[in-house]
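Novice: My questions will all concern the structure given below.
The values are calculated or read from the model by the stated rules, or taken from the named source; none is laboratory data. Nothing here was measured: the structure is a model prediction, and the numbers come from that model. Positions of Cβ are generated from backbone atoms using ideal geometry, with glycine treated the same way; all protein chains shown enter the neighbour counts.
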Amino acid sequence: MADDKVNIELTKEEAIVLFEFLGRFNETDDLNRFEDQSEQRVLWDVERILEKELSEPFRADYQEIVKKARETVRDEKE
């Protein structure tokens with residue numbers, strides 16, 4: 001069935017910010033924040049997909065890349 005998948009488009013910067021967040025989020029063992037283990041599984045899967053798509057996490061200047069990505073994605077201060 002072709003309709004059983006959903007595609008989400010992210011900018012490179014959004015993907016980097018999301019990957020960094022998921023990495024931190026998935027490292028914690030607080031299972032109380034999940035209503036069901038399937039939610040945790042989906043977050044692991046999204047992190048894995050991003051890891052396959054992004055080369056930036058393997059670069060020596062990754063922290064600078066994350067900083068710039070956050071600045072790009074962040075809402076402007078009013």
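Novice: I need the full set of residues from region 7-58 which are of a type in the set (S, T, N, Q) and in contact with a helix residue (DSSP H, G or I) (Cβ under 9 Å, 6 or more places away or on another chain), in order please.
Specialist: Selection gives THR11, ASN26, GLN37, GLN40.
Novice: Scan region 30-78 for residues that are within 11 Å of VAL17 (Cα to Cα) and of a type in the set (Gly, Ala, Ser) and jot them down.
Specialist: If the condition is that a residue be within 11 Å of VAL17 (Cα to Cα) and of a type in the set (Gly, Ala, Ser), then ALA69 is the only one that fits.
Novice: Out of region 20-78, which residues are charged (D, E, K, R), in a helix (DSSP H, G or I) and free of Cβ contacts under 8 Å to residues at least 12 places away in the same chain?
Specialist: ARG24, GLU27, ARG33, GLU39, ARG41, ASP45, ARG48, LYS52, GLU64, LYS67, GLU71
Novice: Can you name the residue in region 26-71 that is surrounded by 10 or more Cβ atoms within 10 Å (Cβ to Cβ) and over 23 Å from LYS12 (Cβ atoms) and is also modelled with the lowest pLDDT among such residues?
Specialist: So the residue we want is PHE34.
Novice: Here is a follow-up. Are any of the residues in region 3-14 touching a Lys or Arg at 6+ places or on another chain (Cβ under 9 Å) and in a helix (DSSP H, G or I)?
Specialist: Yes, that holds for at least one residue.
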